[in-house]
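Coordinate-derived values only; no laboratory data. Given the structure is predicted, the values throughout are model-derived calculations rather than measurements. When we count neighbours, we look across all protein chains shown, and the Cβ atoms used for this are built from the backbone with ideal geometry, even at glycine.
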Amino acid sequence: MGVRKHKSAAAVAGLATAGLLLTACGGSSSSSSAAGGAASGGSANPACAPYTAFGDIKGKQISVYTGIVAPEDTAQINSYKFFENCTGAKVNYEGNKDFEAQVLVRAKAGNPPNIAIVPQPGLLKQLVATGKAVEPPAQVGTNVDKFWAKDWKKYGTVDGKFYSAPLGANIKSLVWYSPQMFKDAGLAVPTTLDELKSLTDKIANDGKGVKPWCAGIGSGEATGWPVTDWMEDFMLRLSGPDTYDKWVSHAIPFNAPEPTAALDAVGQYLKNPAYVNGGLGDVKSIASTTFQDGGQPILQGQCYMHRQASFYAANWPEGTKVAPDGDVFAFYLPAKDATTKPVLGAGEFILAFSNAPEVQAFQTYLSSDTWANEKAKATPGGGWVSANKGLQRSNLTSPIDQLSYDILQDPKAVFRFDGSDQMPAAVGSNAFWKQATAWITGQSTKDTVDKIEAAWPKS
Amino acid sequence: MSYVDKFGQMFFAIGLFVVIVALVLLAVGRIGGFRGDRIVGRTFVAPTLIMLAIGLIYPAVLTIFQSFKDASGNSFVGLANFKFIFTDSDELITLRNTAIWTLLTPFVATFIGLIYAVLIDRARIESYAKALIFLPMAISFVGASVIWKFVYDYRPPGAHQIGLLNQILVWLGFAPQQWLLNDPLNTLFLIVVMIWIQSGFAMTLLSAAIKNIPEDMIEAARLDGVYGIRMFRYITIPSIRPTLVVVLTTISITTLKVFDIVRTMTGGSFNTSVIANDFYSQSFRAGNQGLGAALAVLLFVLVIPIVVYNVRQMRASA
């Protein structure tokens with residue numbers, strides 16, 4: 001979701017500053033060679049052919065508008081260099097923390113950017129509904145068919161028309177833990193939901209007084225969103241992807257038995273005083289702890305597990321080793337049994353508001369495997385991954401990115417996009433968060449799902 | 001856009017403005033006589049009127065229209081949005097909070113400001129004492145909210161407290177509290193922030209008014225044997241009444257519009273939302289333009305009587 005994207009972006013600061021220095025050094029050497037090649041007839045490079053095919057666009061400007069801001073923007077901007085060297089066109093990158101609200105205003109006012117990087121399918125629908133968005137060239141469709149799973153193309157399709165190629169991705173079905181703590185306590189990473197439950201019980205009853213789970217859902221006005229991710233993960237696991245889709249598209253009401261059961265299942269963890277909130281207080285302290293702080297007690301040995309997306313990697317303090325043999329690492333939030341592997345995640349999409357040749361050429365570039373690998377190389381500090389099948393694992397440097405990559409590319413994995421990002425804004429970025437927060441501070445599951453159902457737009 | 005471009009555009013705009021004003025002045029300067037004066041007057045008022053029409057009246061009328069429309073602003077739904085505001089349980093809590101804010105803040109802030117102004121009047125350390133309470137005025141609402149968020153911060157019992165209030169509790173042997181979680185007390189803790197900021201404003205204006213009370217009036221009262229609390233009641237208060245009204249109404253309007261404090265400290269969670277905050281989240285986050293506009297209109301309607309009263313009082317005292 002958009003807001004959480006920012007928060008993650010802001011949070012990346014700590015870890016990524018270290019990475020950035022690397023980006024600056026590593027990036028310059030590799031791109032200068034690319035620049036050198038381009039200078040001596042860049043368009044002669046065969047990899048440039050798909051983009052030079054759009055005609056001479058030398059000197060043309062392409063405006064990109066996005067919520068990806070410093071420090072993550074550097075890697076984005078660097079990943080465009082290959083295209084700029086190929087075609088001589090210039091990409092003007094504009095990041096704004098308030099992107100989600102502003103891009104709609106700009107589109108409605110008739111002043112949209114050429115390209116918007118949209119982090120939610122729900123917002124994508126709203127933008128297409130303004131009538132200002134244009135369909136991509138055929139090459140983008142071909143690229144998406146070739147490099148992405150069908151589900152991903154579906155998320156970029158509005159009313160049967162394909163508009164948006166996916167860009168990056170992140171995995172939400174992850175549980176962060178301390179490999180050392182697990183080893184000391186003789187605990188094994190669980191492979192089914194039942195094992196997760198018994199593992200939790202074992203920790204809760206071991207008499208050491210350390211709570212198994214810690215969580216935080218505070219995120220300014222977006223407070224509550226981590227609960228929506230929990231619920232989506234359990235919805236996928238308990239009722240399966242098809243029911244999940246029905247729930248997201250409102251084919252079944254929000255207060256139907258399946259979603260209610262999913263939220264109750266989350267409640268067994270998050271609202272159980274014996275399980276939470278390690279190092280942070282009681283159940284209610286989940287609501288007052290920011291999501292950035294939610295997993296930190298793991299480092300102090302005050303909590304065993306923290307369910308949060310892959311981008312949480314950026315929230316560990318500088319110097320924390322994020323690896324299977326390091327201070328913290330993550331495991332896949334297990335499914336009901338080993339035969340299925342539902343994966344909850346999110347990502348961004350490319351939406352164009354212009355069909356000028358330079359914009360179409362750039363859209364084609366962004367949907368290609370070339371870009372995905374360029375982006376991976378431009379992000380040596382880690383913290384970025386894509387579901388693009390053309391992405392090479394060897395270009396990802398951090399163990400957590402490699403873990404995300406392996407989960408995304410697992411043939412058994414059934415990927416589902418963050419549900420609240422696809423729901424209408426009145427639910428997905430308002431009622432769902434608000435009621436989830438009220439649920440943590442004491443509201444019953446029934447009241448919660450009933451109130452969210454009541455907020456669903458009628459038309 | 002580069003900085004050179006931006007500054008270029010800015011200077012171009014300023015230049016254009018100067019040229020247009022010069023042309024207008026030149027044009028009206030050529031018209032003389034009594035008729036000319038009226039034309040000159042109207043020409044000078046015109047830009048203000050045009051800008052008010054574009055920047056204030058047009059959006060206001062548009063918002064009123066939108067408040068009768070549905071979420072996407074496409075079809076009319078009559079009074080449905082207003083009905084929702086006065087029936088939905090969450091919206092009713094928003095209204096309740098707004099009422100608590102507007103009833104408490106102006107009076108408490110003005111009271112504290114008044115007492116302080118009277119107590120330090122002509123004291124030796126007056127200027128320092130004034131600066132002390134005036135300083136929070138210089139802090140933005142968001143800044144003040146961040147500061148107070150730290151004051152209220154909660155850590156579990158036994159952990160190292162980083163919130164001032166909870167640390168004091170721990171020192172006194174009590175358990176730390178979740179100040180911002182428990183409704184409706186949490187609204188009061190938010191109001192404290194507003195009072196902290198606005199008391200300085202009240203104190204400054206009231207102190208100036210107190211100094212303006214004619215010396216001979218006070219002397220005459222003293223000769224009649226009026227001192228202490230009666231002096232305050234029968235001389236000070238009536239003399240500074242116009243200023244008191246201005247201070248009260250100004251703080252009331254600021255309080256009705258309160259947004260930054262709620263948004264920064266709780267984001268409207270835990271039943272702390274107020275009309276302005278709800279207006280923002282409905283309009284720009286939930287994509288419910290109609291309801292957002294209706295909340296804005298409601299806020300507008302609530303402010304009107306206070307403004308009218310304020311203007312009347314100013315006229316009466318002029």
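Put simply, chain B fits an ellipsoid with semi-axes of 39, 35, 22 Å; these come from the alpha carbon gyration tensor as the roots of five times its eigenvalues, largest first.
Its relative contact order, with pairs defined as Cα atoms under 8 Å and 6+ residues apart, puts chain A at 25 percent.
Summing charges over all other residues whose Cβ lies under 12 Å from the Cβ of B:L95, with Lys and Arg as +1 and Asp and Glu as -1, gives -3.
For segment B:3-66, the convex hull spanned by the alpha carbon atoms encloses 92 Å³ per residue.
Summing Lys, Arg as +1 and Asp, Glu as -1, what charge do residues with Cβ under 10 Å from the Cβ of A:Y65 carry, A:Y65 excluded? Residues near A:Y65 contribute 0 overall. For segment B:86-157, applying the loop criterion from DSSP together with a ceiling of 13 other beta carbons within 10 Å to the chymotrypsin sites (Phe, Trp or Tyr not before Pro) yields B:F86.
Please report how far the C-alpha centroid of segment B:87-140 lies from that of segment B:220-274, rounded to the nearest whole angstrom. Here the answer is 7 Å between Cα centres. Taking only the C-alpha atoms of segment A:242-337, Rg followed by Dmax gives 16.1, 47 Å.
Site-free segments of chain B were taken between trypsin sites (Lys or Arg not before Pro) in DSSP loops having at most 14 other Cβ atoms within 10 Å, sites themselves excluded; the longest one is B:125-318. Seen from A:Y80, the other residues with C-beta closer than 10 Å to its C-beta sum to a net charge of +1, counting Lys and Arg as +1 and Asp and Glu as -1. Computed on chain A, the Cα convex hull volume stands at 126 Å³ per residue. Over segment B:73-185, the hull volume per residue, using the convex hull of the C-alpha atoms, is 202 Å³. Could you tell me the relative contact order of chain B? Use alpha-carbon pairs under 8 Å, at least six residues apart, and round to a whole percent. Relative contact order for chain B comes out at 25 percent.
Put simply, the C-alpha atoms of segment A:184-307 give a gyration tensor, and the ellipsoid matching it has half-axes of 26, 18, 11 Å, longest first.
Computed over the alpha-carbon atoms, the protein assembly as shown gives an Rg to Rh ratio of 1.02, Rh here being the Kirkwood radius from the mean inverse distance. Computed extension length for B:T87-B:A131: 11.2 nm, one decimal, from 0.36 nm per residue of separation with the Cα-Cα distance subtracted.
Once both labels are positioned 7 Å from their Cα atoms along Cα-to-Cβ, the gap between B:V142 and B:F11 label points is 3.1 nm. Adding -39500 (n - 2.57) for every DSSP H run of four residues or longer, then dividing by how many residues chain A holds, sets the calculated 222 nm ellipticity at -13500 deg cm²/dmol. Entry note, chain B: the mean residue ellipticity at 222 nm calculated from DSSP H runs of n ≥ 4, each adding -39500 (n - 2.57), is -22500 deg cm²/dmol after division by the residues and rounding to the nearest 500.
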